[in-house]
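One structure is given here, and the rest of the page talks about it.
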Amino acid sequence: MSSTASKGRVLVLYAHPCPESFNAAVHEVVVETLTKSGWEVDDCDLNVEGFQPVLTMEDRRGYHDEPANIEPVREYVERLQAADALVMVFPVWNFGYPAILKGFLDRIFLPGVSFKLKDGKVRPGLTNIKKLYACTTYGGTRWRAMMNGDPPRKCVTRPVWYACGMPKKKYIACYDMNRNEEPKLKEHLERVRREMEMM
């Protein structure tokens, strides 16, 4: 336990199923560094927790029924609303989120949670989030990601960022994982560590 004064509560949203993966190493560095830096860390490993990502027929039909819409996922909504910062750790697969993370956004970023309607206009609902970071990995190069529109970068830095009230944001990506060797991977882990220390 760090003796540093608390910086607040951070939700670390982790979405990779394999403990031997490089993403697991990134996740470990994120949690360890934030804890040492004085954050109260809520470490949400979606796979370990058995999060169910599918938006069912019942969920969809009740999607706009506030506040009853949060009942099936109340625990996760409360964890998100209790956070002062959000750090997403995930791999980019097929130029998108892993299904379990996409399902989290579909099921938890609900009307009345991530957005509110005011005078017919959408307004951010997660303004408790003051810092938004994403730590990602890509199999391909940055150029290849750009040629495909880089949807996960845009989703984090646009709609998720807006839902959080446009807080400080940072997108920390490691590209070309299909060819990266040990020195490059270590360099990236150090970059993640530095960014978490400064958060």
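For the full complex of protein chains and a 1.4 angstrom probe, list 65, 84, 150 by accessible area with the highest value first. Please list the in-between numbers first.
Working: 65 85, 84 60, 150 10 Å².
So the residues, ranked largest to smallest area, are 65, 84, 150.
Using each residue's phi in region 24-34, evaluate 6.51 cos²θ - 1.76 cosθ + 1.60 at θ = phi - 60° and report the 3J(HN,Hα) Karplus result to the nearest Hz, with x for Gly and Pro.
Once rounded to whole Hz, the list reads 5, 5, 4, 4, 4, 5, 4, 5, 4, 5, 5.
Once amide H atoms are built 1.01 Å from N in the peptide plane, which residues 5 or more positions from residue 172, or in another chain, come under 5 Å H to H?
The answer is 134, 135, 136.
Treating only the Cβ of Lys, Arg, Asp and Glu as charged (+1, +1, -1, -1), what charge dipole size does the chain show about its Cα centre? Round to the nearest 20 debye.
It comes to approximately 1000 debye.
Suppose accessible area is computed on protein heavy atoms with a 1.4 Å probe; arrange 93, 161 from highest to lowest. Working shown, then result.
On the way: 93 110, 161 65 Å².
Ranked from most to least accessible, the order is 93, 161.
Which shape class applies to region 76-161: rounded if a/c is under 1.5, otherwise prolate when a/b exceeds b/c and oblate if not, where a ≥ b ≥ c are the square roots of the Cα gyration tensor eigenvalues? Let's see the in-between values first.
Values: a/c = 2.17, a/b = 1.77, b/c = 1.23.
Judged from the Cα gyration tensor, region 76-161 comes out prolate (a/c at least 1.5, a/b above b/c).
Sticking with the crude label model, points 7 Å out along Cα→Cβ, report the distance from residue 59 to residue 180 in nm, one decimal please.
Between residue 59 and residue 180, the simple spin-label model gives 3.0 nm.
Is the shape of region 141-198 rounded, prolate or oblate, going by the alpha carbon gyration tensor and its root eigenvalues a ≥ b ≥ c, with a/c under 1.5 for rounded and a/b larger than b/c for prolate? Can you show the working numbers first?
Values: a/c = 4.35, a/b = 1.30, b/c = 3.35.
Note, shape of region 141-198 comes out oblate.
What whole number of Å gives the distance from the Cα centroid of region 13-38 to the Cα centroid of region 80-150?
Between the Cα centre of region 80-150 and that of region 13-38, the gap is 18 Å.
Give the residue from 192, 175, 159 lying farthest towards the positive end of the charge dipole for region 152-199; charges sit on Cβ (+1 for Lys and Arg, -1 for Asp and Glu) and the dipole is referred to the Cα centre.
159
If you count only protein heavy atoms and use a 1.4 Å probe, how large is the accessible surface of residue 114, to the nearest 10 Å²?
My reading of the accessible area for residue 114 is about 10 Å².
Search the structure for amide H atoms under 5 Å from the amide H of residue 47, placed 1.01 Å from N in the peptide plane, and list their residues when 5 or more places away or on another chain.
Distant-sequence amide H within range of residue 47: 16.
Accessible surface of residue 123 in the full protein assembly, 1.4 angstrom probe, to the nearest 10 Å²?
100 Å²
Over the alpha carbons of the chain, what is the largest minus smallest coordinate on each principal axis, giving the biggest first in Å?
Projected onto its principal axes, the Cα set of the chain covers 51, 44, 31 Å.
Got the relative contact order for the chain handy, in percent, Cα pairs under 8 Å and 6 or more residues apart? If you can, show how the numbers build up before the last one.
Working: 321 pairs, mean separation 46.8, N = 199.
About 24 percent, as a whole number.
Accessible surface of residue 184 in the full protein assembly, 1.4 angstrom probe, to the nearest 10 Å²?
90 Å²
Just to check I understand the Karplus step: with θ = phi - 60° and J = 6.51 cos²θ - 1.76 cosθ + 1.60, what whole-Hz values come out for region 39-50, glycine and proline as x?
8, 8, 9, 9, 8, 9, 8, 4, 5, 5, 6, x
About the Cα centre of region 150-199, what is the dipole size in debye to 20, counting +1 per Lys and Arg Cβ and -1 per Asp and Glu Cβ, all else neutral? Don't jump to the answer; show the numbers that get you there.
Values: 12 positive and 8 negative charges, 61 e Å.
For region 150-199, the charge dipole is close to 300 debye.
What is the extension gain from residue 122 to residue 71, computed as 0.36 nm multiplied by their sequence separation minus the C-alpha to C-alpha distance, in nm to one decimal? The partial results should precede the final answer.
Numbers: separation 51, 0.36 × 51 = 18.36 nm, distance 2.21 nm.
Between residue 122 and residue 71, full extension yields an extra 16.1 nm.
Using the Karplus equation 6.51 cos²θ - 1.76 cosθ + 1.60 (θ = phi - 60°), what ³J(HN,Hα) coupling, rounded to whole Hz, does each residue of region 5-18 give in order, writing x for Gly and Pro?
Values, residue by residue: 4, 4, 8, x, 10, 10, 8, 9, 9, 10, 9, 9, x, 9 Hz.
Among DSSP beta bridges whose residues both lie in the chain, state the antiparallel percentage, nearest 5. List each step's numbers first, then the result.
Numbers: 5 of 33 bridges.
Roughly 15 percent of the beta bridges in the chain run antiparallel, per DSSP.
Can you give the charge dipole size of region 87-172 about its Cα centre, rounded to the nearest 20 debye, using +1 on the beta carbon of Lys and Arg and -1 on the beta carbon of Asp and Glu? Write down the numbers at each step before the final one.
Numbers: 16 positive and 3 negative charges, 65 e Å.
Roughly 320 debye for region 87-172.
The values are calculated or read from the model by the stated rules, or taken from the named source; none is laboratory data. Remember, predicted model here, so these are calculated numbers, not experimental data. Don't worry about glycine lacking a Cβ; one is built from the backbone with ideal geometry, like all the others, and counts go over all protein chains shown. Just so you know, the surface numbers come from the protein's heavy atoms only, side chains and all, with ligands and any DNA or RNA stripped out. Shrake-Rupley method; radii C 1.70, N 1.55, O 1.52, S 1.80 Å.
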